[in-house]
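Coordinate-derived values only; no laboratory data. Not measured: the values here are computed from a predicted model. Counting neighbours? That spans all protein chains shown, and the Cβs are built from the backbone with ideal geometry, glycine included.
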Ligand SMILES: C[S@@+](CC[C@H](N)C(=O)[O-])C[C@H]1O[C@@H](n2cnc3c(N)ncnc32)[C@H](O)[C@@H]1O
């Protein structure tokens, strides 16, 4: 049987409750916020129901005559026989009935309800899983309260710019604070390193300020000015940045410019793609006995990359220059089988992890698509090293 979820206006409509026990009491409690036009009929009435003024109480056995003029009926009696009769009478009178002891036979159910000042949410369980429904109801309630609280804070944050790290691209990897701010923002400025669809759930205006998609690069100066203008218009501005705003993200440039021009700025850190690539590619950046230092560098721009002075070196923006970097390692005396890992689209469904050596990179001259994180160092092969150590100690 399938039930169509609807909400019914019961103002000025009469509702009948057949039964005077605990079940009836619970029903009355649920119905009272919506209408007081309730009649209860039962030979014995629970003390608490009796105390409820506003409702009509008839101390009598159920009789079909009590159904007259009713809009909805709840069969809540302890006796299945009585409930069965109530449902039958309701059916023949064209009145909708909820039979609480056999809800699948009812004409309607009462959903779980949770409400805040702004919202009323109803939850229906498809399989009568009451415990799950109650748990979900509580979770929804907490979520709604948090959201309303956030929205009420919004006024205080007007005219401010938040530089928020989005993480490596998977929307699950943004921080809680970043997510909260996205919900509150008036305007979100984003660029290439995230899928714009991930922003659909936020009501803010979304403005692309990226550098690909055939658009000419938005100059950093231009972006600074756009952010400044939005803040000056008294908007709550979120500037989303891939990874962490302060790692090759130009976050500090934007912060400096805005603050120089009197705009308040907060930086919300994000998971850098370097850290995400290591985690998702199963490559520790440090490992006791193998690597005790790690450095981040850029491989962008002709000859801008350099050999980093650390056990593990992580290069950003290396898609184009990976061969030249590998060559530089070889020229600087690193062994030809020095390990390299290339992680493309870390954390996303189409992530690719390639483990190779500097020699293979130079010889094969292979191409890798951007975005890629390149890790140079022995931890790329840490599992093999550990296995070898184990063999030696046996
Ligand atoms: C302009 S930098 C931004 C770095 C960012 N602030 C961070 O902390 O990850 C862009 C570079 O980050 C790297 N990157 C960003 N997201 C990535 C991902 N999901 N997988 C691999 N590399 C990524 C690539 O090297 C890309 O060229």
Checklist entry - When only Cα pairs under 8 Å and 6 or more residues apart are kept, what is the percent relative contact order across the chain? => result 10
Checklist entry - How big is the gap, in Å, between the Cα center of the range 53-94 and the Cα center of the range 299-330? => result 81
Checklist entry - Once the Cα atoms of helix 130-153 and of the chain are each reduced to a long axis, what angle between those two axes, in degrees from 0 to 90 to the nearest 10, is obtained? => result 60
Checklist entry - What angle do you read, to the nearest 10 degrees and between 0 and 90, between the alpha-carbon axis of helix 251-260 and the longest principal axis of the chain? => result 80
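Quick one: 291, 370, fewest Cβ neighbours within 10 Å first, how do they rank?
Working: 291 19, 370 12.
Lowest count first: 370, 291.
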Checklist entry - Quick one: helix 80-93 against the long Cα principal axis of the chain, what's the angle to the nearest 10°, folded into 0 to 90? => result 90
Item to check | the chain: most fluctuating residue of 168, 335, 245 per GNM, C-alpha cutoff 10 Å | outcome: 335
Checklist entry - What whole number of Å gives the distance from the Cα centroid of the range 123-142 to the Cα centroid of the range 227-275? => result 40
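Rank these for me by crowding, 207, 385, going from fewest to most other beta carbons within 10 Å. Working shown, then result.
Numbers: 207 13, 385 16.
Fewest-to-most Cβ neighbours within 10 Å comes out as 207, 385.
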Next on the checklist: Starting from the 7 Å offset along Cα-to-Cβ, what nm value, one decimal, do you get for the label separation of residue 183 and residue 288?
Outcome noted: 4.1
Checklist outcome for this item: Classified through the alpha carbon gyration tensor (a ≥ b ≥ c as square roots of its eigenvalues; rounded if a/c is under 1.5, else prolate when a/b is larger than b/c, else oblate), the range 274-353 comes out oblate
Item to check | 222 nm mean residue ellipticity, helices alone, for the chain (DSSP H n ≥ 4; -39,500 (n - 2.57); rounded to 500) | outcome: -9500 deg cm²/dmol
Next on the checklist: Can you give me the distance in nm between label points at residue 367 and residue 84, each placed 7 Å from the Cα along the Cα-to-Cβ direction?
Outcome noted: 7.7
Next on the checklist: Give me the percent relative contact order of the range 113-156, please, defined on Cα pairs under 8 angstrom at least 6 residues apart.
Outcome noted: 38
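Need one word for the range 15-110: rounded, prolate or oblate. Basis is the Cα gyration tensor (sqrt eigenvalues a ≥ b ≥ c); a/c below 1.5 gives rounded, then a/b vs b/c decides. Write out the running numbers ahead of the final one.
Details: a/c = 1.42, a/b = 1.35, b/c = 1.05.
Note, shape of the range 15-110 comes out rounded.
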Next on the checklist: I need 305, 208 ordered by Cβ neighbour count within 10 Å, fewest first.
Outcome noted: 208, 305
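Using only alpha carbon pairs under 8 Å that are at least six residues apart, calculate the relative contact order of the range 21-77 and give it in whole percent. Don't jump to the answer; show the numbers that get you there.
Numbers: 50 pairs, mean separation 22.8, N = 57.
Result for the range 21-77 is 40 percent.
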Item to check | Three-way shape call for the range 158-271 based on the alpha-carbon gyration tensor, with the a/c threshold at 1.5 | outcome: rounded
